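In what follows, a single structure is set out as structure tokens and then discussed.
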Ligand code: KIV
């Protein structure tokens, strides 16, 4: 069995080739994601919303993340398996190391943490223990209450500057990957060009090195409000596998996300 690694994604970035990522929470869908040649699976804490019907990701527990990571790992034969550290699972360095270790033992290849440069110390320590990290910047859904809603971030110069500097600091601390959510396309371009590690975007325009979508959004089965950056790939596909394949192809040829899925320049 051979898996995509953060190094594979870095090489793709150097070659100017894009990569695809989608969330998955179980073994069956993960195997289908593999069949579609999608590079990265994210066991996102979005499972709180799309599986559990919660109104945010905050109630998701470590036990639930471990359970879904185990399920995904059983179905996954080829993608890089990234697992979210849920809300309050990284309160202390000790908690961070323990909880990240549990996700790795459950089958994750890399853990994702939401935050800015304050994550640096944790990233250094995780790196020392052989745990790769993706730092999630921009709109960080675990901070929805502090941010005052699911809003585009980095629209004013000061915030944009802070996000670019955080990206550079997190790479210097050893982050293996960055995820940029809901920022203007011009800011996403600045961040992507400022770092050597792969940057995966959602609501960040087609200028990042890769794209990620929540599976339920990609399949057009999410109820309620649909964010601007979402596209229903089932609308142009005859099966779930075909929808995954179309998504993968459109990410890799740069046609998704289109300007109508992005937040200006
Ligand atoms: O939890 C999740 O699915 C995520 C994506 C929205 C990027 O973090």
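Could you grab the relative contact order for the chain? Cα pairs under 8 Å, six or more apart, rounded to a whole percent. List each step's numbers first, then the result.
Working: 554 pairs, mean separation 49.8, N = 265.
Across the chain, relative contact order equals 19 percent.
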Calculated from DSSP H runs of 4 or more alone, at -39500 (n - 2.57) each and per residue, what is the 222 nm mean residue ellipticity of the chain, nearest 500?
-11500 deg cm²/dmol
Round to a whole angstrom and tell me the spacing of the C-alpha centers of the range 188-265 and the range 52-82.
20
Relative contact order for the range 43-114 using alpha-carbon pairs under 8 Å, separation at least 6, rounded to a whole percent?
33
Compute a Gaussian network model of the chain, connecting alpha carbons closer than 10 Å, and tell me which residue from 35, 157, 209 fluctuates the most.
157
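Based on the Kirkwood radius over alpha-carbon pairs, what is the Stokes-Einstein translational diffusion coefficient of the range 1-118 at 25 °C with 0.890 mPa s viscosity, in µm²/s? Mind showing how you got there, number by number?
Working: Rh = 14.6 Å.
Approximately 168 µm²/s, per Stokes-Einstein.
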Residue 172 and residue 91 label points (each 7 Å along its Cα→Cβ direction) are spaced in nm at 3.1
Contact order relative to length for the range 174-265, counting C-alpha pairs under 8 Å separated by 6 or more residues, stands in percent at 30
From zero outward in steps of 10 Å, how is the percent of C-alpha pairs of the chain spread across the bins?
7, 33, 41, 17, 1
Over the chain, with a Gaussian network built from C-alpha contacts below 10 Å, which listed residue (59, 86, 198) shows the highest mean-square fluctuation?
59
Any idea what Rg and Dmax come out to for the range 170-265 if you just take the C-alpha atoms, in Å?
13.8, 45
What length, rounded to one decimal in nm, is gained on full extension from residue 11 through to residue 155, with 0.36 nm per residue of separation minus their alpha-carbon distance?
48.8 nm
Residue among 183, 50, 133 with the largest mean-square fluctuation in a Gaussian network model of the chain, springs linking Cα atoms under 10 Å
50
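Highest mean first, what order results for 229-239, 118-128 on Cβ atoms within 10 Å? If you can, show how the numbers build up before the last one.
On the way: 229-239: 15.7, 118-128: 17.9.
The most tightly packed comes first, giving 118-128, 229-239.
Quick note: the coordinates plus some simple rules give every number you see, no bench work behind them. Bear in mind that the values here come from a model prediction, so they are computed numbers and not experimental data. Because the Cβ atoms are built from the backbone with ideal geometry, glycine has one as well, and the counts that use them run over all protein chains shown.
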